[in-house]
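Enquirer: Attaching a single structure in structure tokens format; questions to follow.
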Amino acid sequence: MLRFALTRFVSLTLSLIAASLVIFLVIEVIPGDPAAYMLGLNATPEAVTALRDTLGLNGTLAERYLNWAGGLLRGDFGQSYSYRVPVAELVFERLWVSLPLAIYALALSTLIAFPVGLIAAARRGGVTDYGIMGVTQLGIAVPNFWFAMLLVLVFAINLRWFSAGGFPGWQDGLLPGFKALTLPAVALALPQASILARVMRSALIETLGQDYIRTARAKGLSQRQALTRHALRNALIPVLTIIGLQFSFLIAGAIIIENVFFLPGLGRLIFQGITQRDLIVVESVVMLLVFAVISVTFLVDIAYAAVDPRLRRR
Amino acid sequence: MRVPAQLILGAGLSVVFLAVALLSLVWVPQDVTTLSIADRLQPPSDLHWLGTDHFGRDVLSMLMVGARISIAVALLAVGIGIAVGVPLGLWAAAKRGSWVDEVIMRGNDLIFAFPSLVIAILITAVFGPSAVNAIIAIGIFNIPVFARVTRGGALSLWTLDYILAARVAGKKAFRISLEHILPNIANLLIVQGTIQFSLGILAEAGLSYVGLGAQPPTPSWGRMLAEAQTLIYTAPRLAILPGLAIVFMVLGLNLMGDGLRDLLDPRLRRAAR
């Protein structure tokens with residue numbers, strides 16, 4: 001197990017280095033002179049030179065990359081050009097919106113998907129099953145930002161249960177914060193839950209066809225007991241895979257949803273970075289998001305090996 | 001062989017959207033680039049079947065052109081994924097276990113770590129937003145998907161006797177991949193292509209919603225939704241119609257994909273149902 005974890009860790013590190021090289025190349029090398037790009041067409045040569053100095057663009061490419069990557073490791077993400085504050089400060093502030101939103105959405109989708117998938121598998125071929133499959137098919141087809149707009153229309157404008165956007169912060173207690181994140185989290189969770197419920201259902205049906213389930217039934221366990229005691233645990237592997245794979249969709253979804261609800265999270269930060277041509281902000285936030293995706297993949301791999309020893313051999 | 005009902009329904013929906021998109025090339029009820037403030041926010045009428053937006057443009061015409069943009073972006077992105085991903089997958093399978101295989105697969109993992117929106121953000125930060133950049137971003141995202149499906153399908157074929165026979169007959173890996181492997185994984189690729197097509201429609205809508213897709217004055221479903229958001233109190237119709245278009249288009253493609261999978265690969269039928 002330890003050896004498996006170590007090999008996966010080495011490959012995690014290599015992936016992070018490769019990803020950082022790609023991001024560095026796209027942001028700092030392809031535009032030619034990032035300083036000139038950031039200042040636009042009307043910049044004076046003096047201003048460009050001054051910005052080159054502040055951004056540390058005068059070294060060789062290798063020096064600049066090592067500077068940037070070394071900074072990231074120390075938690076120094078550079079200085080935002082448009083906000084004139086360290087990027088790390090901006091990111092840290094916004095993480096307190098984006099991270100709870102992602103976790104809230106993930107928890108909601110799991111809480112919805114597990115029972116729904118279980119019921120569909122237990123009632124396979126029945127009316128309930130067909131109903132659930134139909135609704136989840138629709139859930140996959142609905143773009144989450146449009147679903148978010150519909151939620152606003154119903155729950156914020158017509159019923160006035162929630163506000164249509166904005167975030168009060170956590171200083172007034174947890175409740176107002178969670179209330180503000182509820183509609184966004186529901187909007188994010190819908191497609192996730194639909195996919196997860198379908199995977200859960202087919203994984204359960206697959207395991208229910210196995211010999212050990214027949215043995216369990218022959219021993220005298222009821223269908224429900226066989227399902228919850230034996231099938232559920234074995235069906236968790238494919239479900240875990242999908243949760244891991246869906247994480248990158250969750251991140252992309254969160255970036256868009258934050259814009260629907262005007263939440264001051266990483267997604268808003270990245271778009272402000274783009275419109276203000278603040279490449280330093282874009283570069284660091286993108287690296288952070290990719291870091292999150294790669295780390296989740298790593299954690300899922302480790303979780304597998306813990307759940308299923310057969311997978312450690314690969 | 002019985003044709004699955006969902007395939008008929010899905011293909012029907014998809015064909016309707018495709019027909020509307022093609023029709024918009026030669027005819028739309030009203031020009032979508034001329035603004036007429038006097039006609040702004042009109043309810044549905046004989047002249048404007050689905051009403052007008054805040055610039056007085058005909059909503060039906062914009063939806064029709066939007067269908068064309070969505071389909072074009074998603075289709076070209078699938079094309080990029082297939083054109084690059086399939087040869088890579090075939091190559092990796094032919095050289096299975098070698099460093100070529102390893103490099104291709106690790107490269108795939110690397111691209112997988114970038115959500116399509118993040119690729120689009122990177123491209124846009126440097127080159128500015130456009131429909132072409134949306135195509136490239138979604139296309140890059142599609143590459144590892146097709147490479148993986150191709151490699152997986154090809155690997156199981158390489159162990160079969162008829163491939164061994166071809167090798168004994170002196171055929172090189174390149175010819176075997178092209179003449180024996182590719183035709184036999186075509187089913188897999190068609191099904192995956194349909195799924196990526198539908199994901200592409202969703203991704204295009206998301207990108208144009210946040211302003212990273214087709215730029216004004218070209219109408220796109222995503223941007224119609226973005227513009228409707230501020231008008232949601234006064235004209236909720238503008239926020240509902242483009243969303244329904246996206247849902248039905250994606251639903252049609254997903255049903256078609258599921259139906260095709262059932263039809264083309266009976267082995268998957270049991271697990272999928």
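Each value in this text was obtained by applying a stated rule to the coordinates, not by laboratory testing. It should be emphasised that the depicted structure is a prediction, and the values quoted were computed from it without experimental measurement. Neighbour counts run over all protein chains shown; Cβ positions are idealised from the backbone, glycine included.
Enquirer: Using DSSP to call loops (not H, G, I, E or B), can you name the trypsin sites (Lys or Arg not before Pro) in region B:129-221 whose Cβ has at most 16 other Cβ atoms within 10 angstrom?
Expert: B:LYS171, B:LYS172
Enquirer: Now for a different question. Taking the alpha-carbon centroid of each part, what is the distance from region A:169-202 to region B:74-114 in angstrom?
Expert: With region A:169-202 and region B:74-114 each reduced to a Cα centre, they are spaced 34 Å.
Enquirer: Report, largest value first, the span of the C-alpha coordinates of region B:195-241 along each principal axis, in whole Å.
Expert: Principal-axis extents of region B:195-241 (Cα, largest first): 36, 22, 14 Å.
Enquirer: Can you compute the charge dipole magnitude of the protein assembly as shown about its Cα centre, using +1 on each Lys and Arg Cβ and -1 on each Asp and Glu Cβ, nothing else charged? Give it in debye, rounded to the nearest 20.
Expert: Here the protein assembly as shown has a charge dipole of around 2660 debye.
Enquirer: Along the charge dipole of region B:1-90, pointing to its positive end and built from +1/-1 on Cβ of Lys, Arg, Asp and Glu, which listed residue (B:THR34, B:GLY12, B:VAL59) has its Cα farthest out?
Expert: Towards the positive end, the residue furthest out is B:GLY12.
Enquirer: Still on this structure, I have one more. With N residues in region A:229-314, what two-decimal value do you get for its Cα radius of gyration over 2.2 N^0.38 Å?
Expert: Taking the Cα Rg and dividing by 2.2 N^0.38 Å, one obtains 1.45.
Enquirer: Okay, next question. What per residue convex hull volume, in Å³, comes out for region A:144-196 when only alpha-carbon positions are used?
Expert: 76
Enquirer: Could I ask something else about it? Using only the alpha carbons of the protein assembly as shown, what is the convex hull's orientation-averaged projected area in square nanometres?
Expert: Across all orientations, the protein assembly as shown yields a mean hull projection of 32.6 nm².
Enquirer: What is the average number of partner chain Cβ atoms found within 10 Å of a Cβ in B:3-15?
Expert: For peptide B:3-15, the averaged partner shielding equals 0.
Enquirer: Kirkwood Rh, Cα Rg: Rg to Rh for chain A?
Expert: A ratio of 1.06.
Enquirer: Same structure again: From the residues A:LEU204, A:ALA164, A:LEU289, which one has its Cα farthest along the dipole of the protein assembly as shown in the positive direction, the dipole being from +1 and -1 charges on Cβ of Lys/Arg and Asp/Glu about the Cα centre?
Expert: The one lying farthest along the dipole's positive direction is A:LEU204.
Enquirer: Taking Cα atoms, how many degrees apart are the long axis of helix B:116-127 and the longest axis of chain B, rounded to 10 and kept between 0 and 90?
Expert: With rounding to tens, the tilt is 70 degrees.
Enquirer: Taking region A:151-201, which chymotrypsin sites (Phe, Trp or Tyr not before Pro) meet the DSSP loop condition and have no more than 12 other C-beta atoms within 10 Å?
Expert: A:TRP161
Enquirer: Can I ask one more? About the Cα centre of region A:213-297, how large is the charge dipole given +1 on each Lys and Arg Cβ and -1 on each Asp and Glu Cβ? Please answer in debye to the nearest 20.
Expert: Around 940 debye, computed over region A:213-297.
Enquirer: Per the Kirkwood definition applied to all pairs of different Cα atoms, how many angstroms is the hydrodynamic radius of region B:52-151?
Expert: Over region B:52-151, the inverse of the mean reciprocal pair distance is 15.1 Å.
Enquirer: Between rounded, prolate and oblate, where does region A:267-312 land on the alpha carbon gyration tensor, with a ≥ b ≥ c its root eigenvalues, rounded for a/c under 1.5, else prolate if a/b exceeds b/c?
Expert: Judged from the Cα gyration tensor, region A:267-312 comes out prolate (a/c at least 1.5, a/b above b/c).
Enquirer: Over all distinct alpha-carbon pairs, what is the Kirkwood Rh of chain B in angstrom?
Expert: Computed over Cα pairs of chain B, the Kirkwood hydrodynamic radius comes out at 20.5 Å.
Enquirer: Please give, to one decimal in nm, the separation of the simple spin-label points placed at B:LEU155 and B:LEU263, each 7 Å out from Cα toward the Cβ.
Expert: Simple spin-label model gives 3.0 nm for this pair.
Enquirer: Now for a different question. Enumerate by residue number the trypsin sites (Lys or Arg not before Pro) in region A:201-300 meeting two conditions: DSSP loop (anything except H, G, I, E, B), and at most 15 other Cβ atoms within 10 Å of the site's Cβ.
Expert: Answer by residue number: A:LYS219.
Enquirer: Let me ask something additional. Rounded to the nearest 0.05, what FRET efficiency do A:THR228 and A:VAL10 give with R0 = 30 Å and r taken as the Cβ-Cβ distance? Could you check?
Expert: Here the calculated transfer efficiency is 0.20.
Enquirer: Using only Cα atoms, tell me the angle between helix B:236-264 and the longest principal axis of chain B; keep it within 0 to 90° and round to the nearest 10.
Expert: Rounded to the nearest ten degrees, it is 20.
Enquirer: Towards the positive end of the charge dipole of the protein assembly as shown, with charges on Cβ (+1 Lys, Arg; -1 Asp, Glu), say which of B:ALA72, B:ILE123, A:ALA235 has the farthest Cα.
Expert: Value computed over the given set: A:ALA235.
Enquirer: For region A:118-270, report the convex hull volume of the alpha-carbon atoms normalised per residue, in Å³, without decimals.
Expert: 140
Enquirer: Please compute the average number of Cβ atoms from other chains found within 10 Å of each residue's Cβ in peptide A:133-143.
Expert: 5
Enquirer: So what are the three principal axis dimensions of region A:45-137 from its Cα atoms, in whole Å, longest to shortest?
Expert: 73, 27, 26
Enquirer: Can you give me the convex hull volume of the Cα atoms of region B:125-252, divided per residue and expressed in Å³?
Expert: 123
Enquirer: Of the candidates B:LEU189, B:LEU164, B:LEU207, which one comes out as most mobile in a Gaussian network treatment of chain B with C-alpha springs shorter than 10 Å?
Expert: Looking only at B:LEU189, B:LEU164, B:LEU207, the largest GNM fluctuation is found for B:LEU164.
Enquirer: Based on other C-beta atoms within 10 Å, arrange B:SER208, A:SER202, A:SER109 from fewest to most.
Expert: Lowest count first: A:SER202, A:SER109, B:SER208.
Enquirer: Can I ask one more? Assign unit charges at the C-beta atoms only (+1 for Lys and Arg, -1 for Asp and Glu), then state the dipole size of region A:1-159 relative to its Cα centre in Debye, rounded to the nearest 20.
Expert: 680
Enquirer: Can you tell which of B:LEU253, B:LEU117, B:LEU263 shows the greatest fluctuation in a Gaussian network model of chain B with Cα springs below 10 Å?
Expert: Result for chain B, Cα springs under 10 Å: B:LEU263 fluctuates most.
Enquirer: I've got another one for you. Could you give the C-alpha radius of gyration of region B:137-212 expressed as a fraction of 2.2 N^0.38 Å, taking N as the number of residues it contains?
Expert: Normalised by 2.2 N^0.38 Å, the Cα Rg of region B:137-212 equals 1.47.
Enquirer: Ok, one more. Hey, in the GNM for chain A with a 10 angstrom Cα cutoff, which one of A:ASP33, A:ASP211, A:ASP129 fluctuates hardest?
Expert: Of A:ASP33, A:ASP211, A:ASP129, the Gaussian network model singles out A:ASP211 as fluctuating most.
Enquirer: What is the Rg over Rh value, at two decimals, for region B:1-124, using alpha-carbon atoms and the Kirkwood definition of Rh?
Expert: Ratio of gyration radius to Kirkwood radius for region B:1-124: 1.18.
Enquirer: Under 20 Å Cα-Cα from B:LYS171, which lysines qualify once same-chain neighbours fewer than 8 residues away are excluded?
Expert: B:LYS95
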